[in-house]
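Input: a single structure, listed below in structure tokens.
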Amino acid sequence: MEEINYILNKLKIKAICKNFFNDKNCIFIDLNLIEDGKISDITKNIDDITLNLKFKNKPIIDVLYELGIIRLKFIKNDLDLDFDLYKYINNHIKNNNDLSFIIGKNNQDLVNINLSSAPHILIAGTTGSGKTTLLHNIIGNCLSYKNIKLNIVDPKNIEFYKYSNIKNINYYHSYNDCLSLLSKLINIMEHRYDIIKSGFETNNIDYEVLIIDEFADLIANDATGKMHKYLCKLSQKSRAAKIHIILSTQRPSSNIINGDIKSNFPTRIACKVSSSVDSKIILDRVGAENLNGKGDAIIKDSFGNFNRFQTLYSDAEKNIKNAN
């Protein structure tokens, strides 16, 4: 703590270290502002703080308002985690009324998402960030359920083509195919609303999960705006019809992830992105540009809470093997 306070004083940052602790995978530094210190004094000097502390990567900065603390969370380089999804997924308790997925670990705690409460998810990450691994993880989770029909759209027809012959998976890769699929899912949604109104039990309806990779590539071809319109309509109304959407992109620009998309996808996951601007678009805050890559990610849930985690590993071969 003395060394940290010395660095803060040297950088003329009006804050003091109140707590320093580390666990197996992270180092935490809690700072209190003093005198007329500001949060911006810390954020704008974070490069210098990291350099003086001789850490490899910049931290995630969390402001704990109720405690009056600014917490710096540094991820260690030698993460001690067991990354294999299938060490955990087979023992995961499943409920037919919920879609609970294991996506990663935060220290020794498993990180889950539940599509019942987070019906649509937006994922962003640059090349090497672990975004593709996260999508394979989600596909593996889907295949562990017997009541999910999975639709995968892969415009590049590279990452996910191996799933094209798997039962309960419909695979597409063109803009026109995606447009037809969205239209079909809207019709399914409307039909389900009709039968639900007539008293049909939703427990007897299978889930439909739509995963669209490289969403930006498809939107670039959407000159008429029809795909965007279909996607917004589906995401606005499909939760009660047990239809869920997961969008993924390398380029989270504001013209791709606009206000309509963000409002319908409150749950967002950022792997490492190229800039603080990209981080703000996907998470509404900076930080994802400082992630380590290779599955290091931050999830913002539908309540606005943030959680950093390491993605549990899976790939097409593992998922197909365990699905058979």
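Values quoted throughout were computed directly from the atomic coordinates according to the rules given, and no laboratory measurement underlies them. As the structure is a computational prediction, the values presented were derived from the model and not from experiment. Cβ sites come from the backbone with ideal geometry, for glycine too, and all protein chains shown count toward neighbours.
A few notes on this one:
- Normalised by the number of residues in the stretch 222-324, the average gap of Cα pairs under 8 Å and 6 or more apart makes the relative contact order 18 percent.
- Percent of beta bridges antiparallel (DSSP, the stretch 188-324, rounded to nearest 5): 60 percent
- With 20 Å bins from 0: P(r) over the chain, alpha-carbon pairs, percent: 30, 52, 17, 1
- As a rough footprinting exposure proxy, the listed residues T133, T50, T311 were ranked by other beta carbons within 10 Å of their own, and the order from fewest upward is T50, T133, T311.
- In terms of overall dimensions, the stretch 4-46 has a Cα radius of gyration and Dmax of 11.0, 35 angstrom.
- Counting only alpha carbon atoms, the long axis of helix 226-237 and the longest principal axis of the chain meet at about 80°.
- Pairs from K10/K38; K242/K280; K14/K280; K184/K242 whose Cα-Cα separation, in the structure shown, is over 19 Å: K242/K280; K14/K280
- For q = 0.16, 0.17 Å⁻¹, Debye-computed log10 I/I(0) when each Cα of the stretch 190-266 counts as one equal scatterer: -0.65, -0.71
- The slack between N258 and K321, meaning 0.36 nm per residue of separation minus the straight C-alpha distance, is 18.9 nm.
- If you model the stretch 2-75 as an ellipsoid using its alpha carbon gyration tensor, with each semi-axis the square root of five times an eigenvalue, the axes come out at 17, 15, 11 Å, biggest first.
- Unit Cα scatterers, Debye sum, the stretch 123-219: log10 I(q)/I(0) for q = 0.10, 0.23 Å⁻¹: -0.31, -1.26
- Altogether, the Stokes-Einstein calculation at 10 °C and 1.306 mPa s, with the Kirkwood radius of the stretch 23-62 over Cα pairs as Rh, returns a diffusion coefficient of 139 µm²/s.
- The simple spin-label model puts a point 7 Å past each Cα toward its Cβ; for I34 and A240 those points are separated by 5.7 nm.
- Cubic angstrom per residue, convex hull over Cα atoms of the stretch 273-324: 104 Å³
- The length gained on full extension between Y6 and D222, counted as 0.36 nm times the residue separation minus their Cα-Cα distance, comes to 72.2 nm.
- Gaussian network model of the chain, Cα within-10 Å springs - most flexible of A297, A270, A241: A241
- The mean sequence distance of close C-alpha pairs (under 8 Å, at least 6 residues apart), as a share of the length of the chain, puts its relative contact order at 20 percent.
- A crude spin-label estimate for the pair F20 and S302, with each label 7 Å from Cα along the Cβ direction, gives 4.2 nm.
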